[in-house]
Structures are given as C-alpha cells and as structure tokens.
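Notes for the one structure printed next.
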Amino acid sequence: MSHWLIHVAAGAIADASGRILIAKRPEHAHQGGLWEFPGGKLVPGETPQAGLARELAEELGIEVIASRPLIRVQHDYGDRRVLLDVHRVAAYRGVPEGREGQPLDWLSPEAMDPTLFPDADRPIITALQLPERYLITGADPNDPNVFLDRLQQALSSGIRLVQLRAHGVGDAAYRRLVAPALALCRQTGAKLILNRAPAVVADLDADGLHLPAALLATLAERPGSASWLVGASCHNAADLTRAVALGLDYALLSPVAATASHPDAEPLGWEGFAELVAPVSLPVYALGGLRTQDLARAFEHGAQGIAGIRGLWPGST
C-alpha cells in the first residue's frame with residue numbers, strides 16, 4: 001500500500017431540484033477526463049469545512065452558507081491514497097462557474113454513471129442516491145391489511161427506503177407480502193429492500209436485499225441481482241470490513257443507543273459509532289433507539305442517516 005495520503009475536501013452541491021454539481025478533471029491530471037465532485041486538497045492544519053469553503057470559492061466562485069457531513073471515503077489507487085471528506089452543501093451564495101476552465105454539469109444522483117467517475121467517488125454517488133431515513137417494518141405482518149396500511153402511512157410521511165422485515169411469518173407468507181408492499185413503494189418512488197434468505201426471494205421483483213450479520217462471514221461473493229441495492233446489519237468492525245470486502249452498497253450499524261428489543265446489547269454510543277464508521281468507505285446508517293430528531297447528531301458522527309422500526313413505523317411505541 002502506498003503511504004502517499006492526500007486529504008481532500010469535496011462538496012455535493014445541490015440545486016433546488018436536487019441535482020448535484022459535478023466538474024470534469026483536466027485530461028493531464030490523475031484520473032484525468034473523469035467527472036468529480038468539486039473540491040481540493042487541504043492545507044496542513046485546515047479543517048475539512050474550512051478547506052471546502054476555500055476550495056469552492058477558488059474553483060467555483062461561491063460562498064458556502066450551510067453544509068453537513070455526507071461521507072468519508074478512503075481509497076488506494078496504488079501510487080497514492082486519498083481520503084475524501086465529503087459534505088452536502090445545502091445553501092450557498094453566488095452562481096457556480098468553472099473558474100479554472102473546468103467543464104461543469106448538473107445531474108440527479110440517479111443519472112450518475114459511476115464508470116465516469118474516479119473509483120473513490122463511487123461510494124459518494126451511492127450516498128447521494130440513498131435517503132436520510134431507512135424504515136424497517138414492524139408489527140402486524142400476520143394481518144396484511146393492517147401491515148400495508150401502516151406502510152402506506154410511513155410512505156406518506158416521506159419514507160423512501162423500506163426494509164421488509166417480517167420475521168414473524170414464514171417464507172410463503174413473506175413472498176405474498178412483497179408484491180403489494182412493492183406496489184405501495186412504487187406509488188411514492190420509494191425502494192423496497194427484502195430481508196430474507198437470498199434463495200427465497202431471488203426471483204421476486206424488488207429493489208434490494210438486506211443480509212443479517214451472521215450471513216456475512218459465510219458469503220464468498222455479493223448475493224442478489226446486479227441491479228439491487230445490497231446491504232447488511234453490522235455490529236462491529238469485522239462486520240463492516242466484511243461488508244466492504246463483499247462490495248455491499250450500505251450497512252446498518254447497531255445498537256447506537258439502548259433498545260427495548262435488545263435490552264442486553266451494549267450500546268455503541270455516538271463516539272463508538274463514529275470510531276467504527278471512520279475507516280469504512282460505504283454509507284452506514286445508525287440503528288438502535290433512534291428517531292428523526294437524531295438525524296443531525298447522526299450526520300455529525302459520520303452516518304448516512306438513521307434506520308429504525310419503533311422510531312419510524314406508524315403505531316410503534
């Protein structure tokens with residue numbers, strides 16, 4: 001591994017319609033000709049926030065008004081290693097222009113082709129495509145009408161990523177739930193992630209697959225359809241390392257706080273969560289005893305957002 005580490009601050013700058021600003025790297029530069037998220041190298045002693053503000057002023061002529069952490073990515077190119085501190089820029093002053101002659105474009109995250117970006121930027125694209133809240137379905141899978149009504153309520157509240165976690169029913173009943181749950185998700189543009197043994201759901205129409213932590217160590221390769229989002233439940237550094245090695249798209253790390261469902265589990269706390277997430281180059285949701293009001297704290301500690309049952313599933317207490 002190379003010992004040449006370059007620390008970079010980069011910004012995911014959004015416009016009013018949710019498109020993100022990208023810039024093309026000069027042909028003669030490292031990874032030349034590829035698109036990237038604007039930013040640049042930090043100077044010694046500079047914080048990522050200060051470096052981002054300076055770089056965006058120099059490169060684009062804009063002043064950052066509001067931003068928050070999105071993701072940290074470490075990547076080894078062989079001849080150099082990069083550490084990208086990426087912030088989502090929610091508000092700025094000025095009109096972005098390529099002050100160094102770099103072409104600019106605005107793209108929705110869903111329209112971004114990862115092959116046109118440096119490898120280190122690919123987890124950033126995934127982070128931009130994933131929402132801040134990840135619902136894990138809760139009570140009443142044995143009563144499909146009640147269950148689906150609660151799902152519809154959650155979707156109406158803005159949930160856009162749903163894990164169908166109906167452990168209380170058998171495989172046949174679970175498979176019957178998938179189609180109506182997917183239909184509800186499609187109405188709002190939400191994605192449905194299946195939480196079942198890969199072989200049980202391989203033929204079903206869905207948007208992704210979620211793996212329990214116990215399954216990670218047994219897998220030789222990433223399961224599921226190539227077009228699916230695939231993630232896993234993680235509880236420690238080994239789980240997270242395995243998720244990265246398998247090329248998964250995201251992870252859930254728990255428990256951050258004490259939970260009624262797992263009262264004997266030792267909570268990680270926010271500092272413990274941040275320590276585990278820091279070296280992991282994929283989006284990680286914080287899970288365990290959290291609610292929407294914990295989002296700001298989650299972002300500050302390196303999370304993609306929060307995941308939960310009780311905090312997000314209608315009717316939970």
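The values are calculated or read from the model by the stated rules, or taken from the named source; none is laboratory data. Not measured: the values here are computed from a predicted model. As a convention, Cβ positions derive from the backbone with ideal geometry for all residues, glycine included, and neighbour counts pool all protein chains shown. Side chains are part of the model used for accessible areas, which takes the heavy atoms of the whole protein and leaves out ligands, DNA and RNA. Shrake-Rupley method; radii C 1.70, N 1.55, O 1.52, S 1.80 Å.
Annotations
- Environment charge at GLU59 (Cβ cut-off 10 Å; Lys +1, Arg +1, Asp -1, Glu -1): -2
- Anisotropy class of the range 1-131 from Cα gyration tensor, a/c 1.5 cut: rounded
- Cα shape, the range 212-317, gyration tensor, a/c 1.5 rule: prolate
- Sequence ranges 89-97, 215-223, ranked by mean other-Cβ count within 10 angstrom, highest first: 89-97, 215-223
- The range 1-153, relative contact order [Cα under 8 Å, separation at least 6], %: 27
- Choice from LEU290, LEU107, LEU130 showing the highest fluctuation, given a GNM over the chain with Cα pairs closer than 10 Å: LEU107
- Each Lys and Arg contributes +1 and each Asp and Glu -1, all at the Cβ; summed about the Cα centre of the range 169-229, the dipole is approximately 140 debye.
- Within the chain: Cβ-based charge dipole about Cα centre, in debye rounded to nearest 20 (Lys, Arg +1; Asp, Glu -1): 540
- For the chain: rounded, prolate or oblate by the Cα gyration tensor [a/c cutoff 1.5]: prolate
- For the range 301-317 versus the range 18-68, the gap between their alpha-carbon centres in whole angstrom: 32
- Projecting the Cα positions of VAL230, HIS7, PRO26 onto the charge dipole of the chain (unit charges on Cβ atoms of Lys, Arg, Asp and Glu, taken about the Cα centre) puts VAL230 furthest along the positive direction.
- If you sort HIS75, HIS167 by accessible surface, 1.4 Å probe, largest first, the order is HIS167, HIS75.
- For the chain, the relative contact order comes to 16 percent (Cα pairs under 8 Å, sequence separation of at least 6).
- Based on Cα contacts under 8 Å between residues 6+ apart, the range 70-143 shows a relative contact order of 29 percent.
- Once backbone amide H atoms are built at 1.01 Å from N, ILE13 has LEU21, VAL89 as its partners under 5 Å, excluding neighbours fewer than 5 places away on the same chain.
- Each Lys and Arg Cβ is given +1 and each Asp and Glu Cβ -1; about its Cα centre, the range 68-167 then shows a dipole of about 360 debye.
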